[in-house]
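Novice: Here it is, the structure, as structure tokens.
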Amino acid sequence: PMGRPDWGRCTVKRSGDVTTLYLHVFAWPEDRRLVLTGLGNELRGVRLLGAPEAKLAVDRRDATLVVTLPARMPDPICSVVALDVEGAPIVYLPPEIKTPSDVGIFVTRLPVVLESPQGLRARYTLDGTEPGPDATPYTEPFTIDATTTVRARSFHDGRPVSGVTERTFRRVEAQPGVLLEMPRPGLVRERYAGTFDRLPDLDALAPVATDVIADVRLGRVGEAERIALRFRGYLKIRPGVYRFRLTSDDGSRLRIGGDEIIDNDGLHGPQAREGVVALGHGHHPIVVEWFNKTGGAVLKLEMARAGETLRPISWGHFLRD
């Protein structure tokens, strides 16, 4: 009923007119203050399972409840605090802060929407301060045009009844592209031999083979061991904010225009990492590096405009000069 609080998880058991909230505390607070936000029920009692002699102080202000815990956890992995409250659990959740792209960066302007639980009203601030009763009431989507931290809270009958949710959105400059006079389709793929635990400095090595390939893929080359590959070329896309996902076994790296977008280096099984970047007009230099020491071999690069579904980058997006 409380979502996913930082300190752990919450489960619930109903018995007649009383509900017990079991607070499974994995991260014991250093200041001994276990904070629950948005609890609307009247409290009947609190106890620490596994330590019935422990005295727990409780402080309540509006819908925020603070339980003062003992210095030590009764259980080293997960201790449980039981709260007995009247009636079915009432938990006031904070508003959700949403944007069309949901990646945290934008280039010019960004519309923002606040979604509140039914029956609650959201108030918000854009200057980093905590939203109180005098904060701006949310009535319709608003637009930001600079780096901004949006903070929002749910209110009921003029009282704050939830915790504060916040998101920071950064305005960035789109990475400029270059203009290729006579581009040709495909990428240059270079192959290097060696036993690597991490991606080597490929500029310091001589490739053992070079060919041209339509997109980022291993093909039969991926059956080999103790190799590294580098794909080089240009990316042709519409201007905008893009999300990339690089999946590999073993390590890999994605650079666009000289900037490292994704670092997925090291020895590991199939593992995905993501990155976002704003790209302007023109063709964008792209470099994908990958290595395999032994065992399985995987390499996949996916892309999507912010807010859309990731898909493998198809033939036609890659060019070479």
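The values are calculated or read from the model by the stated rules, or taken from the named source; none is laboratory data. Fair warning: this is a prediction, and the values are worked out from it, not measured in the lab. For neighbour counting, all protein chains shown are included, and Cβ atoms are generated from backbone atoms with ideal geometry for every residue, glycine included. Heavy atoms of the whole protein, side chains included, go into the accessibility calculation; ligands, DNA and RNA do not. Shrake-Rupley method; radii C 1.70, N 1.55, O 1.52, S 1.80 Å.
Novice: Heavy atoms of the protein only, probe of 1.4 Å, neighbouring chains included. What is the accessible area of Lys13 in Å², nearest 10?
Specialist: We get 130 Å² for Lys13.
Novice: Given a Förster distance of 30 Å, report the FRET efficiency between Arg170 and Arg238 from their Cβ-Cβ distance, rounded to the nearest 0.05.
Specialist: Values: r = 21 Å, r/R0 = 0.71.
Rounded to the nearest 0.05, the efficiency is 0.90.
Novice: Let me see the P(r) profile for the range 129-203: every Cα-Cα distance counted, bins of 5 Å, each bin given as a percent of all pairs.
Specialist: Going out from 0 Å in 5 Å bins, the range 129-203 shows 3, 9, 12, 12, 8, 7, 7, 8, 7, 7, 9, 7, 3, 1 percent.
Novice: Okay, moving on. Report the relative contact order of the chain, percent, no decimals, based on alpha-carbon pairs under 8 angstrom and at least 6 residues apart.
Specialist: The normalised contact order for the chain reaches 15 percent.
Novice: Report the normalised scattering of the range 13-59 as log10 I(q)/I(0) at q = 0.29 Å⁻¹, calculated by the Debye formula with identical scatterers on the alpha carbons.
Specialist: With one equal scatterer per Cα and no solvent, log10 I(q)/I(0) is -1.54.
Novice: Moving on. Out of Asp265, Asp17, Asp249, any idea which swings most in a Gaussian network model of the chain, alpha carbons joined below 10 Å?
Specialist: Ranking Asp265, Asp17, Asp249 by mean-square fluctuation puts Asp17 first.
Novice: Can you give the longest run of the chain that contains no GluC sites (Glu not before Pro) sitting in a DSSP loop with at most 14 other Cβ atoms inside 10 Å? Please list the in-between numbers first.
Specialist: Values: sites that count: Glu30, Glu42, Glu53, Glu173, Glu181, Glu225, Glu308.
Between the exposed loop sites, the longest stretch runs 54-172.
Novice: Then there's this: Among Ala54, Ala174, Ala224, which one shows the highest mean-square fluctuation when the chain is modelled as a Gaussian network with alpha-carbon springs under 10 Å?
Specialist: Ala54
Novice: Run through the DSSP bridge list for the chain and note the antiparallel percent, rounded to the nearest 5. If you can, show how the numbers build up before the last one.
Specialist: Details: 108 of 111 bridges.
About 95 percent, rounded to the nearest 5.
Novice: How compact is the range 125-258 by the rule of thumb for globular proteins, expressed as Cα Rg over 2.2 N^0.38 Å?
Specialist: 1.71
Novice: Rounded to the nearest angstrom and ordered from largest down, what semi-axes does the equivalent ellipsoid of the chain get from its C-alpha gyration tensor (root of 5λ)?
Specialist: 50, 28, 14
Novice: Over all directions, what mean area does the Cα convex hull of the range 40-153 project, stated in square nanometres?
Specialist: Working: hull surface 41.3 nm².
Here the figure is 10.3 nm², rounded to one decimal.
Novice: If you don't mind, another one. Starting from the Kirkwood Rh over alpha-carbon pairs, what translational D in µm² s⁻¹ does the range 81-122 have by Stokes-Einstein at 25 °C and 0.890 mPa s? The partial results should precede the final answer.
Specialist: Numbers: Rh = 13.5 Å.
Translational diffusion coefficient: 182 µm²/s.
Novice: Now a separate question. Indicate the gyration tensor shape class of the range 172-321 (rounded, prolate or oblate), computed on the Cα atoms with a ≥ b ≥ c the square roots of the eigenvalues: a/c under 1.5 is rounded; otherwise a/b larger than b/c is prolate and the rest oblate.
Specialist: prolate
Novice: I've got another one for you. Which order do Ser116, Ser154 take when ranked by solvent-accessible area (1.4 Å probe, heavy atoms of all protein chains), largest first?
Specialist: Ranked from most to least accessible, the order is Ser116, Ser154.
Novice: Moving on. Picking from Val188, Val66, Val216, which is most flexible by a Gaussian network model of the chain using Cα springs under 10 Å?
Specialist: It is Val66.
Novice: Calculate the dipole size of the chain relative to its Cα centre from +1 charges on Lys and Arg beta carbons and -1 charges on Asp and Glu beta carbons; express the result in debye to the nearest 20.
Specialist: Working: 43 positive and 42 negative charges, 88 e Å.
Using Cβ point charges on Lys, Arg, Asp and Glu, the chain gives about 420 debye.
Novice: If you look at just the Cα atoms of the range 249-306, how large are its Rg and its Dmax in Å?
Specialist: Over the range 249-306's Cα set, Rg and Dmax evaluate to 12.5, 41 Å.
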